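K.L.:
Sending over a structure as structure tokens; questions will come in a sec.
Bear in mind these aren't lab numbers, they're just calculated from the coordinates by the rules spelled out. What you see is a predicted model, and the numbers here were worked out from it, not measured in a lab. Glycine also receives a Cβ, built like all others from the backbone with ideal geometry; neighbour counts cover every protein chain displayed.
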Amino acid sequence: MKKWLIAIVTLACVSGWTGCTTPTTPDPEPPGRTDENGTVEQTTIFYLTGTQLSRYFRANILDAMSVIDPQSLGESQRVMAFFESKRNEGTILELHYDTELEKCVADTVRVWSVEGLNSMKAETMADILTSITAHAPAHQYTLIIGGHGSGWIPGSTSLTRQSTSGGSFTFPTPDPNAPFMTRHGAAADQAEPAPEASPSPEETPSGTDVPSEPVAAATFAPHSFGDQKEDLSEIARAFSIAEFRPHWILFDACFMSNIEALYQLRNSTDFIIASPCEILGAGFPYKTAFPPLLKNDLEGACRAFHNHYLNGEVPSGLIAVTDCKELEALAGLVKQIESTRGGTPLLEPQKASIQIYDGFKSHAFYDLEHYMQTICDNETLLEALRIRLDLTFPVKLHTPYFYSAYGGDGTGTSKFPQSWGRLMNSVRHFSGVSTSAPSTYNTDEWAQTDWGRAVSPGN
């Protein structure tokens, strides 16, 4: 059985908190009104699991609450959040505007207290989603999954490759002096204690202003999430069990605009918002991104993300929208291009020229279009690919550089005199999506992914 990791982690206790139109994306349509059965038009769900990155997720929820008012929700929408307040305990909240208090409040709907709670197992996730949809029934659901992501990378084993000496290459350790945490490498899985008094949204920092102390290399454990280390297939299976299909999924996590991961979820949703590289620990700026999300304006949400990081302390923000109905056609065209290689292996100098989306010494994530251009010189096919990519990824925005806690390519040292300049990587080519096809990581398992099988000329 092939496995794809989505290790997602999140939020400390928050109980009691107060606080683009393109040819392939529909015009944003604000949800309608509640019907006669009490079913709203849309329920937006934050699904946050584990106990890492707690301070960042806490700020995310408060930022979202700060823009929830009668005008943004009205009678047509509800906002729900699942999080783990501490290990072995999970909570569902409803975030809503209290007209008497004249502010957004969070009401506890359900609490789990289960030894070994694993909210990324399909059965548990289905139970949580079923509880949410029963409490806040809607004609349409949207889903935000926040935390650590690793694209398609197998969750069952270490990310390895055979070296020339026959040894094994384990997943790299982030730079011990990296000043900013990302949503891939993380500090020890330890929940923050519940605050004695929850601050108002105005008192809570947002974006990259959230304090980011250096984290020692020994505390980084991107693949050590205990029971939370689950696969993308668990998400799809949970959706099937719960009979749940969101209109869109936002992965507020690293490396999830990855073609192998996206193709795995192609039948699970209509649109996916994600980044091909690491996302800084602060994640999406929900003060500006949540209002367009409530209106299903996915381009507006992406522009809020891009503008926030373009003008922020660390200008690292790559983001794209995937139109899932276009993925099958893209796979067919990529298979056609792959067949032009005739089995010729990719030479190291060729591979070294391809745009990368990680700071690893041995790279795992490469730009899909740039890879195709490297292996194919048929201009007709490449033009068809460009058109197909524009249809599949109708929104794609990037800063000139991206930050990686694992290392930089040397181009940012002179551009950014700060200590983190050495961890910046230039963006020379951007199609909005990565692939691991050129990588030497887990080549056998890659070939058995849905995407690997779909694009292999021999299949």
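K.L.:
Can you sort Glu94, Glu84 from fewest to most other Cβ atoms within 10 Å of each residue's own Cβ?
P.N.:
Glu94, Glu84
K.L.:
What is the sum of charges, Lys and Arg at +1 and Asp and Glu at -1, for the other residues whose Cβ falls under 15 Å from the Cβ of Ile337?
P.N.:
Summing Lys and Arg as +1 and Asp and Glu as -1 gives -2.
K.L.:
For Ser268, what residues show an amide H to amide H distance below 5 Å, using hydrogens built from the backbone and excluding near sequence neighbours?
P.N.:
Residues meeting the criterion, in which the H sits 1.01 Å from N, do not exist here.
K.L.:
A further question on this structure: Neighbour counts of other C-beta atoms within 10 Å: give me Lys351, Lys396 arranged from fewest to most.
P.N.:
Placing the least packed residue first, the sequence is Lys351, Lys396.
K.L.:
What ranking of His370, His148 emerges when the number of other C-beta atoms within 10 Å of each C-beta is taken as an exposure proxy, fewest first?
P.N.:
His370, His148
K.L.:
Now for a different question. How much length is gained if the chain between Ser339 and Asp98 is pulled fully straight, taking 0.36 nm per residue apart and subtracting their Cα-Cα distance, in nm to one decimal?
P.N.:
My answer for the length gained is 80.8 nm.
K.L.:
Hey, which of these cross-link pairs are over 31 Å Cα-Cα: Lys287/Lys396; Lys103/Lys325; Lys335/Lys396; Lys287/Lys415?
P.N.:
Lys103/Lys325
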